[in-house]
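First comes the structure, then the notes that go with it.
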Amino acid sequence: ILSASGHFKNTMNNHIISATLHPEKYPSDCHYPFSLPIFKQTKQILFECPVTFFVGENGTGKSTFLEALALAGNIHIWRSCGGVRYQVNHYEKQLFKYISLTWANGKVPGSYFGSEIFNDFRRILDSWASTDPGQLNYFGGKSLVTQSHGQSIMSYFRSCYSRKGIYFLDEAETALSPKSQLELMDILRENGKTGHAQFIIATHSPILLAYEDAKIYSFDSSPVSVIKYQETEHYKIYKRFFLEREK
């Protein structure tokens, strides 16, 4: 959204209002993720709502792009550095270097939640708490390790997202029951509509995608494009499944 002066107008009090990719500067065109057509043909994505969803089949690049956005915004991603891989792609985590973010009123803090790396974070937090128990007060007041995976995730969401910031979530629904997904929607609604929190979410959940007033970007075709909830494959597949189940 542009103002009369040609500058972005932040009507929803978002922190990040656009992301611009620079494919002309990519260091490779045959290594992932730079080899994906979607990152060559997508020039810019606008963030006009407090909640933005990325949808698409596995391997389309939505999670890769989400992580790159977080890194471009100087958001630290807590993950274990252990382990050895059979094949190493040195370009895999470099996309963030070729993304420019437009901030509304300067950078804000935030966090990145990934279903695969959350266990790393809660173990790190427990290590901190062994010498400074007060650290747990920022994440629900009790050890995340002693709770079930789903319970610890919800404790994290309730405490973390009440603070001003930009929040990236990758497949948050993985360990959540449908009831917990509805509770997460309430958390998004409560904190997103105040204007202090902005959420960018990659998901396969038709429940989360039903969030009212969210913008949904599809990664199933190139370039990335806006899609309506009822047009997503997630909605169509679940609707068809339940209708056929009732026959």
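For this structure, a couple of remarks:
- Within region 110-133, considering residues that are open to solvent by less than 30 Å² (accessible area, probe 1.4 Å) and farther than 22 Å from Ile200 by Cα, the one modelled with the lowest pLDDT: Leu125
Residue-wise test of (1) in contact with a Lys or Arg (Cβ under 7 Å, 6 or more places away or on another chain); (2) surrounded by fewer than 20 Cβ atoms within 10 Å (Cβ to Cβ); (3) within 19 Å of Phe65 (Cα to Cα).
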site	(1), (2), (3)
Ala172	no, no, yes
Glu183	no, yes, no
Ile187	yes, yes, no
Glu190	no, yes, no
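Every residue, every condition in (1) outside any helix (DSSP H, G or I); (2) aliphatic (A, V, I, L, M); (3) in contact (Cβ under 8 Å) with a residue 40 or more places away in the chain, yes or no:
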site	(1), (2), (3)
Tyr167	yes, no, yes
Leu208	no, yes, yes
Arg240	no, no, no
Leu243	no, yes, no
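- Looking only at residues of region 24-68 that are of a type in the set (Val, Ile, Thr) and assigned to a loop (DSSP other than H, G, I, E, B), we find that the one that is most open to solvent (accessible area, probe 1.4 Å) is Thr60.
- Among residues of region 12-64, those that are in contact with a His (Cβ under 7 Å, 6 or more places away or on another chain) and farther than 24 Å from Glu171 by Cβ, counted: 0
- Flag if Ile201 is at pLDDT 95 or above, surrounded by 16 or more Cβ atoms within 10 Å (Cβ to Cβ) and not in a loop (DSSP other than H, G, I, E, B): yes
- Qualifying residue in region 212-227 (condition: in a helix (DSSP H, G or I), open to solvent by less than 20 Å² (accessible area, probe 1.4 Å) and closer than 24 Å to Ala68 by Cα): no
- Count of region 134-165 residues which are more than 22 Å from Gln181 (Cβ to Cβ), at pLDDT below 85 and either under 19 Å from the mean Cα position of the chain (by Cα) or open to solvent by 70 Å² or more (accessible area, probe 1.4 Å) (or both): 4
The values are calculated or read from the model by the stated rules, or taken from the named source; none is laboratory data. Everything quoted here is computed from the prediction, not taken from an experiment. All Cβ positions, glycine included, derive from the backbone under ideal geometry; neighbour counts span all protein chains shown. SASA here: full protein model, heavy atoms, side chains in, ligands and nucleic acids out. Shrake-Rupley method; radii C 1.70, N 1.55, O 1.52, S 1.80 Å.
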